[in-house]
Amino acid sequence: MPKLLRYQQFLAYAFGFLAIWSKAVQNQEEIIDKLPHSCCPTNAKLYKLAIDYAPIWAILALGIWAASSVVYGVLLFRSCPEAAMELDGQVKEAKAELSRRGLDKLGK
Amino acid sequence: MSSSKHKSYPLSIILPTYNERQNLPIMIELLYQTFSSASEEVGGTCEIVIVDDSSPDGTLEVAHALKESYSRDDVIELSILSREGKLGLGSAYVSGLKLAKGESILIMDADLSHHPKFIPEFIRKRKEEGADIVCGSRYIRGGGVAGWDLKRKFTSRGANFLASFLLLSAPFGYGTKISDLTGSFRLYDRNLLEKILPIVQCKGYAFQMEILVLANKENAKFAEVPITFVDRIYGESKLGANEILMYLKGLLNLFFTT
(Lines give C-alpha, C1' and ligand atoms only; values in the text may rest on other atoms or scores of the structure.)
Protein backbone atom coordinates (compact mmCIF):
# COMPACT_ATOMS: atom_id res chain seq x y z
CA MET A 1 0.00 0.00 0.00
CA PRO A 2 1.57 3.30 -1.01
CA LYS A 3 2.22 5.88 1.68
CA LEU A 4 -0.59 8.36 2.11
CA LEU A 5 -0.02 12.03 1.32
CA ARG A 6 0.24 14.31 4.36
CA TYR A 7 -3.24 15.76 4.05
CA GLN A 8 -4.63 12.25 3.62
CA GLN A 9 -2.89 11.15 6.81
CA PHE A 10 -4.44 14.07 8.68
CA LEU A 11 -7.86 13.24 7.19
CA ALA A 12 -7.47 9.61 8.20
CA TYR A 13 -6.80 10.60 11.81
CA ALA A 14 -9.67 13.11 11.73
CA PHE A 15 -12.15 10.54 10.44
CA GLY A 16 -10.91 7.98 12.93
CA PHE A 17 -11.45 10.45 15.74
CA LEU A 18 -14.91 11.46 14.47
CA ALA A 19 -15.96 7.82 14.15
CA ILE A 20 -14.98 7.11 17.73
CA TRP A 21 -16.60 10.31 18.87
CA SER A 22 -19.95 9.67 17.21
CA LYS A 23 -20.02 6.20 18.78
CA ALA A 24 -19.21 7.76 22.13
CA VAL A 25 -22.02 10.32 21.78
CA GLN A 26 -24.50 7.56 20.85
CA ASN A 27 -23.53 5.50 23.86
CA GLN A 28 -22.85 8.37 26.21
CA GLU A 29 -25.25 7.24 28.93
CA GLU A 30 -23.62 3.84 29.16
CA ILE A 31 -20.17 5.40 29.18
CA ILE A 32 -21.01 8.01 31.81
CA ASP A 33 -22.50 5.34 34.04
CA LYS A 34 -19.22 3.46 33.97
CA LEU A 35 -17.15 6.55 34.80
CA PRO A 36 -16.18 7.20 38.45
CA HIS A 37 -18.50 9.30 40.63
CA SER A 38 -21.09 9.73 37.87
CA CYS A 39 -23.94 9.22 40.30
CA CYS A 40 -23.32 12.79 41.35
CA PRO A 41 -25.28 15.00 38.89
CA THR A 42 -22.58 17.70 38.54
CA ASN A 43 -20.02 15.11 37.52
CA ALA A 44 -22.49 13.53 35.15
CA LYS A 45 -23.03 16.95 33.54
CA LEU A 46 -19.28 17.48 33.16
CA TYR A 47 -18.77 14.06 31.61
CA LYS A 48 -21.59 14.79 29.18
CA LEU A 49 -20.03 18.12 28.26
CA ALA A 50 -16.69 16.45 27.67
CA ILE A 51 -18.14 13.81 25.39
CA ASP A 52 -20.57 16.06 23.50
CA TYR A 53 -17.94 18.63 22.62
CA ALA A 54 -14.89 16.38 22.36
CA PRO A 55 -13.78 17.66 18.94
CA ILE A 56 -13.78 21.24 20.27
CA TRP A 57 -11.70 20.22 23.27
CA ALA A 58 -9.30 18.38 20.98
CA ILE A 59 -8.84 21.44 18.76
CA LEU A 60 -8.39 23.66 21.80
CA ALA A 61 -5.82 21.31 23.27
CA LEU A 62 -3.98 21.27 19.96
CA GLY A 63 -4.02 25.06 19.84
CA ILE A 64 -2.69 25.35 23.38
CA TRP A 65 0.05 22.82 22.66
CA ALA A 66 1.03 24.68 19.48
CA ALA A 67 1.10 28.08 21.19
CA SER A 68 3.14 26.75 24.12
CA SER A 69 5.60 25.05 21.79
CA VAL A 70 6.23 28.27 19.92
CA VAL A 71 6.50 30.36 23.11
CA TYR A 72 8.86 27.79 24.61
CA GLY A 73 10.90 27.82 21.43
CA VAL A 74 11.17 31.60 21.46
CA LEU A 75 12.23 31.61 25.12
CA LEU A 76 14.99 29.15 24.31
CA PHE A 77 15.99 31.02 21.17
CA ARG A 78 19.48 32.27 21.86
CA SER A 79 20.54 35.76 20.86
CA CYS A 80 24.26 35.88 20.20
CA PRO A 81 25.45 39.45 19.70
CA GLU A 82 28.99 38.21 20.30
CA ALA A 83 28.79 36.43 16.95
CA ALA A 84 28.12 39.75 15.26
CA MET A 85 31.03 41.35 17.08
CA GLU A 86 33.34 38.48 16.21
CA LEU A 87 32.31 38.77 12.58
CA ASP A 88 32.98 42.52 12.57
CA GLY A 89 36.49 41.87 13.84
CA GLN A 90 37.09 39.20 11.24
CA VAL A 91 35.78 41.43 8.47
CA LYS A 92 38.45 44.00 9.42
CA GLU A 93 41.17 41.35 9.40
CA ALA A 94 39.91 39.97 6.12
CA LYS A 95 40.00 43.43 4.55
CA ALA A 96 43.61 43.79 5.68
CA GLU A 97 44.52 40.46 4.11
CA LEU A 98 42.72 41.37 0.90
CA SER A 99 44.69 44.59 0.83
CA ARG A 100 47.88 42.60 1.21
CA ARG A 101 46.86 40.54 -1.80
CA GLY A 102 46.24 43.69 -3.77
CA LEU A 103 42.49 43.08 -3.82
CA ASP A 104 41.44 46.06 -1.74
CA LYS A 105 40.00 47.99 -4.65
CA LEU A 106 37.29 45.40 -5.08
CA GLY A 107 34.87 46.63 -2.49
CA LYS A 108 34.59 50.08 -3.94
CA MET B 1 53.77 7.96 -14.44
CA SER B 2 52.63 11.44 -15.50
CA SER B 3 53.52 14.27 -13.19
CA SER B 4 50.07 15.81 -13.23
CA LYS B 5 48.72 16.50 -9.78
CA HIS B 6 45.90 14.27 -8.71
CA LYS B 7 43.50 16.61 -7.05
CA SER B 8 40.63 15.25 -5.07
CA TYR B 9 37.50 17.25 -4.53
CA PRO B 10 35.74 16.02 -1.45
CA LEU B 11 33.74 19.20 -1.12
CA SER B 12 32.16 21.79 -3.40
CA ILE B 13 30.50 24.91 -2.08
CA ILE B 14 27.84 26.42 -4.32
CA LEU B 15 27.60 30.16 -3.77
CA PRO B 16 24.84 31.93 -5.66
CA THR B 17 25.55 35.65 -5.78
CA TYR B 18 23.53 38.70 -6.64
CA ASN B 19 25.09 42.07 -5.84
CA GLU B 20 27.59 40.71 -3.36
CA ARG B 21 30.52 42.83 -4.47
CA GLN B 22 31.25 43.90 -0.89
CA ASN B 23 30.77 40.57 0.82
CA LEU B 24 32.23 38.12 -1.68
CA PRO B 25 35.93 38.99 -1.14
CA ILE B 26 35.48 38.66 2.61
CA MET B 27 33.60 35.38 2.18
CA ILE B 28 36.42 33.96 0.06
CA GLU B 29 39.09 35.10 2.53
CA LEU B 30 37.18 33.56 5.45
CA LEU B 31 36.68 30.34 3.51
CA TYR B 32 40.38 30.32 2.69
CA GLN B 33 41.25 30.72 6.37
CA THR B 34 38.85 27.95 7.36
CA PHE B 35 40.18 25.47 4.86
CA SER B 36 43.81 26.35 5.49
CA SER B 37 43.44 25.13 9.02
CA ALA B 38 41.07 22.25 8.24
CA SER B 39 42.89 20.57 5.36
CA GLU B 40 43.03 17.25 7.19
CA GLU B 41 39.33 17.35 7.90
CA VAL B 42 38.48 18.09 4.30
CA GLY B 43 41.03 15.77 2.72
CA GLY B 44 41.55 17.69 -0.49
CA THR B 45 40.94 20.97 -2.24
CA CYS B 46 37.70 22.76 -1.51
CA GLU B 47 35.99 23.84 -4.69
CA ILE B 48 33.89 26.99 -4.55
CA VAL B 49 31.40 27.41 -7.39
CA ILE B 50 30.24 31.00 -7.69
CA VAL B 51 27.01 31.35 -9.65
CA ASP B 52 26.43 34.98 -10.47
CA ASP B 53 23.15 36.18 -11.96
CA SER B 54 24.55 39.12 -13.92
CA SER B 55 24.90 41.29 -10.84
CA PRO B 56 24.72 44.93 -11.89
CA ASP B 57 27.29 45.90 -9.25
CA GLY B 58 30.10 44.00 -10.95
CA THR B 59 30.27 40.98 -8.63
CA LEU B 60 31.44 38.89 -11.57
CA GLU B 61 34.53 41.01 -12.11
CA VAL B 62 35.31 40.73 -8.41
CA ALA B 63 34.88 36.95 -8.58
CA HIS B 64 37.41 36.66 -11.40
CA ALA B 65 39.97 38.75 -9.51
CA LEU B 66 39.49 36.57 -6.45
CA LYS B 67 39.85 33.44 -8.52
CA GLU B 68 43.17 34.65 -9.85
CA SER B 69 44.50 35.49 -6.41
CA TYR B 70 43.26 32.49 -4.45
CA SER B 71 44.05 29.75 -6.93
CA ARG B 72 47.79 29.98 -6.29
CA ASP B 73 47.72 27.09 -3.87
CA ASP B 74 45.50 24.09 -3.38
CA VAL B 75 43.50 25.20 -0.39
CA ILE B 76 40.51 26.44 -2.36
CA GLU B 77 39.68 26.48 -6.04
CA LEU B 78 37.18 28.90 -7.50
CA SER B 79 34.92 28.09 -10.42
CA ILE B 80 32.74 30.82 -11.83
CA LEU B 81 29.47 30.58 -13.68
CA SER B 82 27.82 33.69 -15.01
CA ARG B 83 24.15 33.55 -15.90
CA GLU B 84 22.13 35.73 -18.17
CA GLY B 85 19.81 37.26 -15.60
CA LYS B 86 18.23 36.89 -12.20
CA LEU B 87 17.08 33.31 -12.63
CA GLY B 88 16.37 32.24 -9.09
CA LEU B 89 18.07 30.31 -6.32
CA GLY B 90 16.86 26.83 -7.26
CA SER B 91 18.17 27.02 -10.80
CA ALA B 92 21.40 28.58 -9.51
CA TYR B 93 21.97 25.46 -7.41
CA VAL B 94 21.13 23.20 -10.37
CA SER B 95 23.54 25.04 -12.66
CA GLY B 96 26.24 25.18 -9.99
CA LEU B 97 25.84 21.48 -9.33
CA LYS B 98 26.55 20.69 -12.98
CA LEU B 99 29.89 22.44 -12.67
CA ALA B 100 30.73 21.09 -9.22
CA LYS B 101 33.18 18.22 -8.85
CA GLY B 102 32.73 17.53 -5.14
CA GLU B 103 31.34 14.43 -3.52
CA SER B 104 29.68 16.56 -0.86
CA ILE B 105 27.92 19.79 -1.70
CA LEU B 106 27.68 22.67 0.75
CA ILE B 107 25.06 25.36 0.36
CA MET B 108 25.34 28.60 2.29
CA ASP B 109 24.46 32.29 2.04
CA ALA B 110 27.03 34.59 0.45
CA ASP B 111 26.18 37.62 2.58
CA LEU B 112 28.20 36.60 5.67
CA SER B 113 25.12 35.58 7.66
CA HIS B 114 26.56 32.04 7.59
CA HIS B 115 30.06 31.70 8.97
CA PRO B 116 32.53 29.34 7.27
CA LYS B 117 33.97 28.33 10.65
CA PHE B 118 31.12 25.81 11.06
CA ILE B 119 31.95 23.93 7.87
CA PRO B 120 34.51 21.50 9.37
CA GLU B 121 31.85 20.47 11.88
CA PHE B 122 29.40 19.76 9.05
CA ILE B 123 32.01 17.57 7.37
CA ARG B 124 32.80 15.78 10.60
CA LYS B 125 29.11 15.10 11.29
CA ARG B 126 28.58 13.73 7.79
CA LYS B 127 31.55 11.39 8.13
CA GLU B 128 30.76 10.22 11.65
CA GLU B 129 27.05 9.62 11.18
CA GLY B 130 26.96 8.81 7.50
CA ALA B 131 24.37 11.52 7.06
CA ASP B 132 23.08 12.39 3.60
CA ILE B 133 22.09 15.86 4.72
CA VAL B 134 23.65 17.83 7.55
CA CYS B 135 21.48 20.82 8.47
CA GLY B 136 22.76 23.90 10.24
CA SER B 137 20.27 24.73 12.96
CA ARG B 138 19.81 28.06 14.69
CA TYR B 139 17.49 26.55 17.27
CA ILE B 140 19.38 23.70 18.90
CA ARG B 141 21.74 24.04 21.79
CA GLY B 142 24.80 25.96 20.68
CA GLY B 143 22.94 27.70 17.90
CA GLY B 144 21.54 31.22 17.84
CA VAL B 145 20.88 34.40 15.95
CA ALA B 146 22.41 37.87 16.18
CA GLY B 147 20.26 40.87 15.33
CA TRP B 148 16.72 39.53 15.65
CA ASP B 149 14.03 41.09 17.80
CA LEU B 150 11.25 39.18 19.56
CA LYS B 151 8.82 39.59 16.68
CA ARG B 152 11.26 38.09 14.20
CA LYS B 153 12.01 35.20 16.55
CA PHE B 154 8.30 34.47 16.91
CA THR B 155 7.83 34.47 13.15
CA SER B 156 10.75 32.12 12.67
CA ARG B 157 9.75 29.69 15.40
CA GLY B 158 6.09 29.83 14.40
CA ALA B 159 6.87 29.11 10.77
CA ASN B 160 9.11 26.21 11.70
CA PHE B 161 6.58 24.73 14.07
CA LEU B 162 3.83 24.95 11.47
CA ALA B 163 5.97 23.31 8.82
CA SER B 164 7.24 20.66 11.17
CA PHE B 165 3.75 19.79 12.37
CA LEU B 166 2.17 19.72 8.93
CA LEU B 167 4.98 18.02 7.06
CA LEU B 168 7.22 16.04 9.38
CA SER B 169 5.48 15.28 12.67
CA ALA B 170 6.18 11.81 13.92
CA PRO B 171 2.89 10.07 14.61
CA PHE B 172 2.05 10.20 10.96
CA GLY B 173 4.76 8.00 9.67
CA TYR B 174 7.79 10.24 9.30
CA GLY B 175 10.10 10.30 12.26
CA THR B 176 12.51 13.04 11.35
CA LYS B 177 13.89 15.25 14.04
CA ILE B 178 14.87 18.36 12.17
CA SER B 179 14.56 21.54 14.14
CA ASP B 180 15.34 24.12 11.47
CA LEU B 181 13.39 23.50 8.29
CA THR B 182 13.91 26.82 6.57
CA GLY B 183 17.64 27.14 7.16
CA SER B 184 19.87 27.33 4.11
CA PHE B 185 23.22 26.33 5.60
CA ARG B 186 23.47 22.67 4.71
CA LEU B 187 25.81 19.94 3.53
CA TYR B 188 24.37 17.48 1.04
CA ASP B 189 25.36 14.20 -0.45
CA ARG B 190 25.94 15.02 -4.08
CA ASN B 191 23.92 12.17 -5.56
CA LEU B 192 20.94 12.97 -3.38
CA LEU B 193 21.00 16.62 -4.41
CA GLU B 194 21.28 15.73 -8.09
CA LYS B 195 18.20 13.56 -7.69
CA ILE B 196 16.07 16.07 -5.79
CA LEU B 197 16.91 19.53 -7.13
CA PRO B 198 15.31 19.12 -10.57
CA ILE B 199 12.00 18.19 -8.90
CA VAL B 200 11.76 21.07 -6.42
CA GLN B 201 9.07 23.63 -7.28
CA CYS B 202 8.68 25.97 -4.30
CA LYS B 203 10.32 29.37 -4.13
CA GLY B 204 11.67 31.30 -1.17
CA TYR B 205 11.82 29.78 2.30
CA ALA B 206 9.56 26.91 1.27
CA PHE B 207 12.26 25.86 -1.20
CA GLN B 208 14.55 24.80 1.65
CA MET B 209 11.66 22.92 3.24
CA GLU B 210 10.75 21.10 0.08
CA ILE B 211 14.27 19.75 -0.28
CA LEU B 212 14.02 18.20 3.19
CA VAL B 213 10.57 16.76 2.56
CA LEU B 214 11.65 15.19 -0.72
CA ALA B 215 14.85 13.88 0.86
CA ASN B 216 12.80 12.38 3.68
CA LYS B 217 10.75 10.49 1.13
CA GLU B 218 14.00 9.08 -0.22
CA ASN B 219 14.79 7.86 3.30
CA ALA B 220 17.77 10.16 3.54
CA LYS B 221 19.68 10.23 6.80
CA PHE B 222 19.69 13.61 8.55
CA ALA B 223 22.03 15.19 11.07
CA GLU B 224 22.19 18.63 12.64
CA VAL B 225 24.91 21.06 13.62
CA PRO B 226 24.32 24.18 15.74
CA ILE B 227 25.13 27.39 13.88
CA THR B 228 24.91 31.07 14.62
CA PHE B 229 23.21 33.28 12.08
CA VAL B 230 24.27 36.92 11.89
CA ASP B 231 21.63 39.15 10.39
CA ARG B 232 23.46 42.17 9.02
CA ILE B 233 20.69 43.55 6.91
CA TYR B 234 19.69 46.32 9.24
CA GLY B 235 16.63 48.35 8.35
CA GLU B 236 16.00 46.39 5.19
CA SER B 237 13.00 44.18 5.73
CA LYS B 238 13.83 40.69 4.55
CA LEU B 239 10.51 39.41 5.74
CA GLY B 240 7.64 41.25 4.11
CA ALA B 241 4.06 40.12 3.73
CA ASN B 242 4.97 38.86 0.29
CA GLU B 243 7.58 36.46 1.65
CA ILE B 244 5.19 35.18 4.28
CA LEU B 245 2.43 34.57 1.75
CA MET B 246 4.81 32.76 -0.56
CA TYR B 247 5.93 30.62 2.36
CA LEU B 248 2.36 29.68 3.33
CA LYS B 249 1.53 28.90 -0.28
CA GLY B 250 4.58 26.67 -0.53
CA LEU B 251 3.71 24.99 2.75
CA LEU B 252 0.16 24.22 1.69
CA ASN B 253 1.40 22.99 -1.68
CA LEU B 254 3.71 20.53 0.06
CA PHE B 255 0.95 19.52 2.46
CA PHE B 256 -1.31 18.51 -0.39
CA THR B 257 1.21 17.02 -2.77
CA THR B 258 3.67 15.04 -0.66
Review point. Do we have B:Lys217 as touching a residue at least 12 places away in the same chain (Cβ under 8 Å), within 13 Å of another protein chain (Cβ to nearest Cβ) and either over 25 Å from A:Leu62 (Cα atoms) or crowded, with 19+ Cβ neighbours inside 10 Å (or both) here?
Key: yes
Revision key, fill the gap. Note: among A:Leu98, A:Leu87, A:Leu103, just one is crowded, with 16+ Cβ neighbours inside 10 Å, over 30 Å from B:Gly143 (Cβ atoms), at the interface with another protein chain (Cβ under 7 Å from one of its Cβ atoms) and not acidic (Asp, Glu), namely A:Leu103
Exercise for review: Tell me which of these B:Thr228 doesn't satisfy, since it passes every other one: (1) within 22 Å of B:Leu162 (Cβ to Cβ); (2) within 13 Å of chain A (Cβ to nearest Cβ).
Suggested key: (1)
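Within segment B:1-74, considering only helices (runs of 4 or more DSSP H) that don't extend past its boundaries, which have at least 2 residues that are under 19 Å from the mean Cα position of the chain (by Cα) and within 11 Å of chain A (Cβ to nearest Cβ)? Write out each step before concluding.
Working: elements: B:23-37, B:39-42, B:59-70.
Filter on segment B:1-74 gives B:23-37.
A quick yes/no check of all residues on (1) without any contact (Cβ under 8 Å) to a residue 24 or more places away in the chain; (2) surrounded by fewer than 23 Cβ atoms within 10 Å (Cβ to Cβ):
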residue	(1), (2)
B:Pro16	no, no
B:Ala38	no, yes
B:Gly43	no, yes
B:Val51	no, no
B:Gly58	no, yes
B:Val62	no, no
B:Arg72	yes, yes
B:Leu78	no, yes
B:Glu84	no, yes
Check your understanding: Filter segment A:21-67 for residues that are outside any helix (DSSP H, G or I) and over 30 Å from B:Leu166 (Cα atoms); which is modelled with the highest pLDDT?
Key -> A:Asn27
**Study point:** Filtered residues of segment A:52-84 (kept if open to solvent by 40 Å² or more (accessible area, probe 1.4 Å) and in contact with a Phe, Trp or Tyr (Cβ under 8 Å, 6 or more places away or on another chain))
**Key:** A:Ala58, A:Leu76, A:Ser79
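The values are calculated or read from the model by the stated rules, or taken from the named source; none is laboratory data. On a predicted model such as this, the values are computed, not experimentally measured, just so you know. Glycine gets a Cβ as well: all are built from the backbone with ideal geometry, and neighbour counts include every protein chain shown. For the accessible areas, the whole protein counts, side chains as well, though only heavy atoms, and no ligand, DNA or RNA atoms are used. Shrake-Rupley method; radii C 1.70, N 1.55, O 1.52, S 1.80 Å.
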